[in-house]
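The next block holds one structure in the form of C-alpha cells; read it before the comments.
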Amino acid sequence: MHLEMVPRHKPWAYYHCAYRTDDVWPDFHNDGDEDFVDQRYEPMPPRIDPAQQGWSTHADEGFIEHVGPIWERRDAGELRYGFVADPKHANLLGVVQGGMLMTFADRALGLRAWEAAEGTPCVTIQFEMQFLSSGRIGEFIELHPEVVRRTASLVFMRGVLTTASRSVAAASGIWKRIGRVPTGGALARR
C-alpha cells in the first residue's frame, strides 16, 4: 500500500483523511456520474457580473451579509434570486458547500414567503433540501421561488436551484407568519 501525504495546496484531497491511498480508495471521479465534476481538472467558469444582466443586490444585514451578496431580479412580475459561487463558498472538495446552498435557498424562499404574506414577517418552521448536482465555484446559482399554498398563518414554498446548464438542488419548506417583528434584529431597527 502506498501512502502519500496530501499537499496543503490541494484541500479537496483532505476528503481522504489527510492521506491519499490511490491503490486502496476507489476513484470517486470516474464512477459514471456525469453530474459530478472533478474541479481539479475543470477550468473555472468565466467570472459573471449579475449587474450586467439586469440583477440588483438585495440589501441584507446580519448573517447573509457574510455569505452574500444575494442578487434579485423581477421578470414578468416573478422574483428570482441568485448568488455568484465565490471561493469563500467552497467545501473541501472544491465545490459549493451544501450549507451555502441551504442558506441561500432558505433566504430566497423566505423572502418570497414574506411577499406572499403581504409583507407580514415570516420565520422558517420546516426546511428540506435534496442535492442533485454540485455547484461549481464561479457559477451563478439562482432560484425561482414558487408559492405552493398560503393559509392564514402558513406559507408553503418550493424551488429548484439552477445554474446555466443544470439543476443543483431542490428545496421546500414552510414559513409561519408571525405578525410582529422581534426586537433586536435589523428589521426592528428600521
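Quick note: the coordinates plus some simple rules give every number you see, no bench work behind them. Computed from a predicted model, the values in this text were never measured in an experiment. Reconstructed Cβ throughout: ideal geometry from the backbone, glycine too, with neighbour counts over all protein chains shown.
What the table below lists for this structure:
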quantity	calculated
Sole residue being surrounded by fewer than 20 Cβ atoms within 10 Å (Cβ to Cβ) and touching a strand residue (DSSP E or B) at 6+ places or on another chain (Cβ under 6 Å), chosen from D106, D86	D106
Residue match in segment 109-120 (condition: in a strand (DSSP E or B) and either touching a Leu at 6+ places or on another chain (Cβ under 8 Å) or not basic (K, R) (or both))	no
Count of segment 111-149 residues which are surrounded by 20 or more Cβ atoms within 10 Å (Cβ to Cβ), within 15 Å of G173 (Cα to Cα) and under 14 Å from the mean Cα position of the chain (by Cα)	2
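Table: residues versus (1) of a type in the set (D, E, K, R); (2) without any contact (Cβ under 8 Å) to a residue 24 or more places away in the chain; (3) outside any strand (DSSP E or B).
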position: Q52; (1), (2), (3): no, yes, yes
position: E61; (1), (2), (3): yes, no, yes
position: H66; (1), (2), (3): no, yes, yes
position: R74; (1), (2), (3): yes, yes, no
position: Y81; (1), (2), (3): no, no, no
